[in-house]
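Quick one: the structure is below, and I'll ask about it shortly.
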Amino acid sequence: MQSVLERYIRCWNDVFALARRPAAFLPFALVALLKSGLLLAMYFFWHPLVAGFMAPALRVLGGEEVLHFPTHARSLPILFQTSEIVLIALFGFAAAVWASSLMADSLEGKKRPLGAYAGHIAVLTPSIVVMALVFAGGTIGLPMALSWAAGELEGRPMIHLALLAGALGTAVLLRILLAYSPYFVRTAKGVGFGAIRKSVAFAREHFALTMLIVATAMVPEKLLEYVASYTSVFLENSRPEWIPALLLFKSVIEVFTWFFWVGAVTSKATDRTSS
């Protein structure tokens, strides 16, 4: 019987081995490029190339005031985080499934051309769509709604703090319970819901290890998210260009945090030699 720490170290070893295959980074790098393009379009919303669709979109998300300086710069982190729900629902989870398939083959000594995974993902599209909506809504949308409610109740400190704690706790717990869904969506039945059941059951069975994996991935993401959100108030007048720079940096870091998360859970899910 291996200890949690030994299994965690084994996951790290497998992730380092997977990192030697650059193709495994490709799904997350493509998502990062999409996110970076969206962020730049949101920041330069007034440019003729994007103004026709981006200005109305920002107006819907944040009202007329977000189209004016300095409110636009200060609001950029929350506007971008809101748009991330759509990106993860459309592309992020599919990238995680693609990467998990590639990683599982690599860990099991199988080799397939990259093009072979496209057909595999196409077959899984209904399940991926369902799981992507559940994952994005649960791990990002619901915590964001709680954070928004906390912001509306700043005058009531106890409720404000409870909602903030609830937002973080919800994000962490759902990320733990759904951690293995990119792996199990490939084999589970039930158009995504089978993957949810398998992921929840597997995460509960290996809760401590899964919590360590998720914490390792989430801590850098949340730190950068909070830095971008809280420093935007101070940077909006002096250095507004630093705000999108921080968000771009977060998108780059997430290539590695998502790689670690998917690599570590795939390592554990494919491991049949330890409990």
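Could you tell me which of the residues R59, R7 is assigned to a helix (DSSP H, G or I) and more than 30 Å from A203 (Cβ to Cβ)?
R59
Looking only at the range 98-124, how many residues end up being assigned to a helix (DSSP H, G or I) and either within 14 Å of S267 (Cα to Cα) or free of Cβ contacts under 8 Å to residues at least 24 places away in the same chain (or both)?
Here the count works out to 16.
Restricting the first residue to the range 242-261 and requiring it to be small (G, A, S), which pairs with a second residue that is assigned to a helix (DSSP H, G or I) meet a Cβ separation below 9 Å and a spacing of at least six or different chains?
What qualifies is S251/V31; S251/A32; S251/L33; S251/K35; S251/S36; S251/L39.
If you don't mind, there's one more thing I want to ask. Which numbered condition in (1) crowded, with 16+ Cβ neighbours inside 10 Å; (2) under 20 Å from the mean Cα position of the chain (by Cα); (3) not basic (K, R) is the only one that A145 fails?
(1)
Select, from I213, I196, the only residue that is in contact (Cβ under 8 Å) with a residue 60 or more places away in the chain, in contact with a Cys (Cβ under 9 Å, 6 or more places away or on another chain) and buried (at least 21 other Cβ atoms within 10 Å of the Cβ).
Sole residue among the options that is in contact (Cβ under 8 Å) with a residue 60 or more places away in the chain, in contact with a Cys (Cβ under 9 Å, 6 or more places away or on another chain) and buried (at least 21 other Cβ atoms within 10 Å of the Cβ): I213.
Does T71 count as within 25 Å of the chain's Cα centre (by Cα), of a type in the set (V, I, T), over 19 Å from T257 (Cβ atoms) and surrounded by fewer than 17 Cβ atoms within 10 Å (Cβ to Cβ)?
no
Now a separate question. Within the bounds of the range 61-68, is there any residue that is touching a Phe, Trp or Tyr at 6+ places or on another chain (Cβ under 8 Å) and either within 28 Å of G166 (Cβ to Cβ) or surrounded by fewer than 15 Cβ atoms within 10 Å (Cβ to Cβ) (or both)?
no
Counting just the residues of the range 81-105 that are touching a Gly at 6+ places or on another chain (Cβ under 9 Å) and not small (G, A, S), which one comes out surrounded by the fewest Cβ atoms within 10 Å (Cβ to Cβ)?
Among them, the one singled out is T82.
Considering the range 172-223 alone, what residues qualify as being within 17 Å of F259 (Cβ to Cβ) and not in a helix (DSSP H, G or I)?
Passing the criteria: A179, Y180.
Now, a different point. Can you say whether L18 is of a type in the set (A, V, I, L, M), closer than 24 Å to T216 by Cβ, without any contact (Cβ under 8 Å) to a residue 40 or more places away in the chain and part of a helix (DSSP H, G or I), as far as the supplied structure shows?
no
Right, G137: more than 13 Å from V185 (Cβ to Cβ), in contact (Cβ under 8 Å) with a residue 40 or more places away in the chain and outside any loop (DSSP other than H, G, I, E, B) or not?
Yes: the conditions hold for G137.
Next question. Go through (1) modelled with pLDDT of 90 or more; (2) touching a Gly at 6+ places or on another chain (Cβ under 7 Å); (3) not acidic (D, E) for P27 and report which single condition fails.
Looking at each condition in turn, P27 falls short on (2).
The values are calculated or read from the model by the stated rules, or taken from the named source; none is laboratory data. Computed from a prediction, not measured in an experiment: that's the story for all the values here. Using ideal geometry, Cβ is built from the backbone for each residue, glycine included, and neighbour counts are taken over all protein chains shown.
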